[in-house]
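Chemist: Let me begin by handing over the structure; questions about it come next.
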Amino acid sequence: MGNIFSDRISDVPKSFIREILKFTIDESVISFAGGLPNRDLFPLEEIKAATNKILDTAGRDVLQYSTSEGYRELREWIAERYKSKKVMVHPDNVLITTGSQQGLDLLGKTILNERDNVIIEEPAYLGAIQAFSIYRSKFFPISLTMDGIDTDAFEKNNYKR
């Protein structure tokens, strides 16, 4: 029997993040590589209170499957929070994801074609590289300056297909 996986998935390297996170099980290890927050700084009491509040007020709804966009009331709350910062966002333009990896994967699915050039900061977020690799993009790292990406290096490299 031949390879049952697509060519695209066969080219995907091992997950750097998964390998890094294997070391974080040991509580004596402080890893800066995976971007993990200090577990002692999680606001457990506040999370418990928020969880209890939402379960008491809308438990059956929030535990049920929902639309792909996410729980409508949460999207409305997020849009309202942006409005308080003078940024107008409609709830229909808010998408709830399960984390940055899902968001990056959705971004790659919608805008990347095979062999598209993707300019990334150097150093780059490993999660973005991993998420976009499956779309067979070509990565071009650009170093950072105190003001952001090095625009001179960007222009000098003249990235084209």
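Chemist: Consider only pairs whose beta carbons are under 7 Å apart and that are at least six residues apart or on different chains; among these, list those whose first residue lies in region 43-72 and is in contact (Cβ under 8 Å) with a residue 24 or more places away in the chain and whose second residue is in a helix (DSSP H, G or I).
Modeler: E69/R75; Y71/V62
Chemist: Residues being within 26 Å of R81 (Cα to Cα) and touching a helix residue (DSSP H, G or I) at 6+ places or on another chain (Cβ under 7 Å): count how many of those fall in region 91-125.
Modeler: Of all residues in region 91-125, those within 26 Å of R81 (Cα to Cα) come to 91-107.
Add one more test, that the residue is touching a helix residue (DSSP H, G or I) at 6+ places or on another chain (Cβ under 7 Å), and what stays is 91, 94, 96-97, 100-101, 104-105.
Adding up the residues that qualify gives 8.
Chemist: Can you name the residue in region 4-16 that is assigned to a loop (DSSP other than H, G, I, E, B) and modelled with pLDDT of 75 or more and, of all such residues, is least open to solvent (accessible area, probe 1.4 Å)? Explain how you work it out, then say what you get.
Modeler: Residues of region 4-16 assigned to a loop (DSSP other than H, G, I, E, B): 4-6, 11-15.
This time we only want the ones that are modelled with pLDDT of 75 or more, so: 4-6.
Working: I4: 118, F5: 129, S6: 48 Å².
My answer is S6.
Chemist: On to the next question. Could you check, for region 128-148, whether at least one of its residues is assigned to a helix (DSSP H, G or I) and over 28 Å from E19 (Cβ atoms)?
Modeler: No, there is no match, as no residue in region 128-148 is assigned to a helix (DSSP H, G or I) and over 28 Å from E19 (Cβ atoms).
Chemist: Right, another one. State yes or no: is E19 at pLDDT 70 or above, among the acidic types (D, E) and assigned to a loop (DSSP other than H, G, I, E, B)?
Modeler: no
Chemist: Then there's this: In this structure, does K86 turn out to be modelled with pLDDT of 90 or more and at positive phi?
Modeler: Details: modelled with pLDDT of 90 or more: yes; at positive phi: yes.
Yes.
Chemist: In this structure, is K85 surrounded by fewer than 14 Cβ atoms within 10 Å (Cβ to Cβ), within 30 Å of T145 (Cβ to Cβ) and charged (D, E, K, R)? Break it down stepwise before answering.
Modeler: Working: surrounded by fewer than 14 Cβ atoms within 10 Å (Cβ to Cβ): yes; within 30 Å of T145 (Cβ to Cβ): yes; charged (D, E, K, R): yes.
Judged against the criteria, K85 is a match.
Chemist: Let me ask something additional. Name the residues in region 31-60 that are farther than 21 Å from S100 by Cβ and either open to solvent by 100 Å² or more (accessible area, probe 1.4 Å) or touching a His at 6+ places or on another chain (Cβ under 9 Å) (or both), would you?
Modeler: Across region 31-60, the qualifying residues are D40, L44, E45, E46, K48, K53, D56, T57, R60.
Chemist: Could you tell me how many of the residues in region 121-155 are closer than 24 Å to S6 by Cβ and either modelled with pLDDT under 85 or touching a strand residue (DSSP E or B) at 6+ places or on another chain (Cβ under 7 Å) (or both)?
Modeler: Residues in region 121-155 being closer than 24 Å to S6 by Cβ and either modelled with pLDDT under 85 or touching a strand residue (DSSP E or B) at 6+ places or on another chain (Cβ under 7 Å) (or both): 8 in total.
Chemist: Looking at the structure I just gave you, is I96 within 18 Å of the chain's Cα centre (by Cα), in a loop (DSSP other than H, G, I, E, B) and surrounded by 11 or more Cβ atoms within 10 Å (Cβ to Cβ)? It would help to see each step written out before you state the result.
Modeler: Values: within 18 Å of the chain's Cα centre (by Cα): yes; in a loop (DSSP other than H, G, I, E, B): yes; surrounded by 11 or more Cβ atoms within 10 Å (Cβ to Cβ): yes.
For I96, the condition - within 18 Å of the chain's Cα centre (by Cα), in a loop (DSSP other than H, G, I, E, B) and surrounded by 11 or more Cβ atoms within 10 Å (Cβ to Cβ) - is met.
Chemist: Can I ask one more? Identify all residues within region 104-139 that are of a type in the set (K, R) and surrounded by 15 or more Cβ atoms within 10 Å (Cβ to Cβ); write none if there are none. I'd like the intermediate steps shown before the answer.
Modeler: Step one: filter region 104-139 for residues of a type in the set (K, R), giving 109, 115, 136, 138.
The answer is R136, and nothing else.
Chemist: Being buried (at least 16 other Cβ atoms within 10 Å of the Cβ), within 17 Å of the chain's Cα centre (by Cα), modelled with pLDDT under 95 and not in a loop (DSSP other than H, G, I, E, B) is the requirement here; does Q101 meet it? Explain how you work it out, then say what you get.
Modeler: Values: buried (at least 16 other Cβ atoms within 10 Å of the Cβ): no; within 17 Å of the chain's Cα centre (by Cα): yes; modelled with pLDDT under 95: yes; not in a loop (DSSP other than H, G, I, E, B): yes.
Against the criterion (buried (at least 16 other Cβ atoms within 10 Å of the Cβ), within 17 Å of the chain's Cα centre (by Cα), modelled with pLDDT under 95 and not in a loop (DSSP other than H, G, I, E, B)), Q101 does not qualify.
Listed here are the residues, each with its yes/no results for (1) modelled with pLDDT under 75; (2) closer than 27 Å to P123 by Cα; (3) hydrophobic (A, V, I, L, M, F, W, C).
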site: F23; (1), (2), (3): yes, yes, yes
site: V29; (1), (2), (3): yes, yes, yes
site: P37; (1), (2), (3): no, yes, no
site: L41; (1), (2), (3): no, yes, yes
site: L44; (1), (2), (3): no, no, yes
site: A50; (1), (2), (3): no, no, yes
site: D56; (1), (2), (3): no, no, no
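The values are calculated or read from the model by the stated rules, or taken from the named source; none is laboratory data. Worth saying up front: this structure is predicted, and the values here are computed from it rather than measured. Every residue, glycine as well, gets a Cβ built from its backbone with ideal geometry; the counts of neighbours run over all protein chains shown. For the accessible areas, the whole protein counts, side chains as well, though only heavy atoms, and no ligand, DNA or RNA atoms are used. Shrake-Rupley method; radii C 1.70, N 1.55, O 1.52, S 1.80 Å.
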